[in-house]
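The values are calculated or read from the model by the stated rules, or taken from the named source; none is laboratory data. Since the structure is predicted, the reported quantities are computational estimates derived from the model, not experimental observations. Glycine gets a Cβ as well: all are built from the backbone with ideal geometry, and neighbour counts include every protein chain shown.
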Amino acid sequence: MDPRRYRLRAFVPADYPAIAQIETRRSADRPHTAAALKERDRTHATTGAARWRGVVEEVAAHTVVGYADALQLPWDGEPGSYWVLVAVDPDHEHRGVGRALADAAERTAADWSARVTRTEVPVDQERGVRFAAARGYVEVRRYWQSKQDVAEVDLDRIPDPGPTLERRGVRFSTYAAEGPDRPGVRAAVYRLYVVASESMPRIGPYRPMARADFESMTLGNRALLSDAFFLAAHGAEYVGMSYLERSLDDPTSLHQLYTGTDPGWRGRGIASALKRRTVEYARAHGVRYIWTANDSRNEAMWRINQRLGYVRRNARMLAERWAVPRPA
């Protein structure tokens, strides 16, 4: 990187609009806004998990042309695991900007005694894939984002397991109806999150978020739609959930963040019944699209998403680099 043209410095809040613009240019079918980035950073900060961010700016124009994060995920169960994420404006690639940012982020992770650093790269960005491989990152799996056009989903042709489940004692509700201010409700939702997440595909061992972190990141997220946080209950326990958040990037879209079912209740159609309700909610509120994400190893959830009309977009490679021998 030519120091006469570019300089690396610490991120400041005034950089949010430039970062949003970089992300929008890198993924043209999904706009990004400063407001959405700020909210994601705010919810992450409530957990106390480590995070560093640096930017590279063009000296003459004082324009941010790339940024990088080194961060810890609150739900990551791998000791010494950190993520290094790098994004560069397409007009400034192949000029050493990404290398300078990655070097700085990886040094930060090393200062935190990182045992393993992980990254994700859009699969269709061949330069990024080669860049990660050249730095020693090895692909371990993939995930993709999926987009549903709500208007094109024909719910009449998709079996609804809801009535059968209700006859068997399952009750459908929402977080709003159950009472967000009731500690017992929050505790029961957290219990479901813990048991439902244990068998979900992931990199590294399972460690659920602490309850305080779950409540701040999920239940305390300002984009959360409590009346679109759908719950399935049997007796006093919640056995399934699927929830939507407002898109702070695009008013025509919602985000379907998480769907989970108690292991003892899987295979009975609970996830399908809950996700069906997300489509009904979007229609009732005049929203055109729902976005979600799918791990390549979670085939059962992908089959549900396919039936509901989701189309794969934005496949991403997940890769890791170990500073010590990888555990068996």
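Some observations on this one:
- In the set Pro17, Pro3, only one residue is in contact with a Ser or Thr (Cβ under 9 Å, 6 or more places away or on another chain) and either outside any helix (DSSP H, G or I) or surrounded by fewer than 19 Cβ atoms within 10 Å (Cβ to Cβ) (or both); that residue is Pro17.
- Ala196 buried (at least 17 other Cβ atoms within 10 Å of the Cβ), outside any helix (DSSP H, G or I) and either touching a strand residue (DSSP E or B) at 6+ places or on another chain (Cβ under 6 Å) or of a type outside the set (Lys, Arg) (or both): no
- The one condition in (1) crowded, with 18+ Cβ neighbours inside 10 Å; (2) within 13 Å of Val195 (Cβ to Cβ) that Arg246 fails to fulfil: (2)
- Restricting region 241-272 to residues that are under 15 Å from the mean Cα position of the chain (by Cα) and among the hydrophobic types (A, V, I, L, M, F, W, C), the residue that is farthest from Asn298 (Cα to Cα) is Leu248.
- Selection within region 42-85 - surrounded by fewer than 17 Cβ atoms within 10 Å (Cβ to Cβ), polar (S, T, N, Q) and in contact with a strand residue (DSSP E or B) (Cβ under 8 Å, 6 or more places away or on another chain): Thr63
Residues checked against (1) closer than 20 Å to Ser242 by Cα; (2) part of a helix (DSSP H, G or I):
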residue	(1), (2)
Leu85	no, no
Asp91	no, yes
Ala110	no, yes
Asp124	no, no
Ala133	no, yes
Gly136	no, no
Pro163	yes, yes
Ala176	yes, yes
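- Where Gly184 falls short, out of the listed (1) surrounded by fewer than 18 Cβ atoms within 10 Å (Cβ to Cβ); (2) not in a helix (DSSP H, G or I): (2)
- Any hit, region 103-111, residues being crowded, with 17+ Cβ neighbours inside 10 Å, modelled with pLDDT under 95, of a type in the set (A, V, I, L, M, F, W, C) and touching a strand residue (DSSP E or B) at 6+ places or on another chain (Cβ under 6 Å): no
- Selection over region 145-170 of residues that are over 24 Å from Gln306 (Cα atoms) and loosely packed, with under 14 Cβ neighbours inside 10 Å gives a count of 4.
- Taken residue by residue, region 218-230 has at least one member that is over 20 Å from Asp295 (Cα atoms), assigned to a strand (DSSP E or B), among the polar types (S, T, N, Q) and in contact (Cβ under 8 Å) with a residue 24 or more places away in the chain.
- Of the residues examined, Glu39 is not one that is buried (at least 16 other Cβ atoms within 10 Å of the Cβ), modelled with pLDDT of 90 or more and touching a Phe, Trp or Tyr at 6+ places or on another chain (Cβ under 9 Å).
- Selection of first residues in region 182-202 that are free of Cβ contacts under 8 Å to residues at least 12 places away in the same chain and in the same structural domain as Gly264 (by TED's automatic domain parsing) and of second residues that are crowded, with 18+ Cβ neighbours inside 10 Å and in a helix (DSSP H, G or I), restricted to Cβ pairs under 9 Å at least 6 apart or on distinct chains, gives the following pairs, ordered by first then second residue: Val185/Tyr175; Val185/Glu178.
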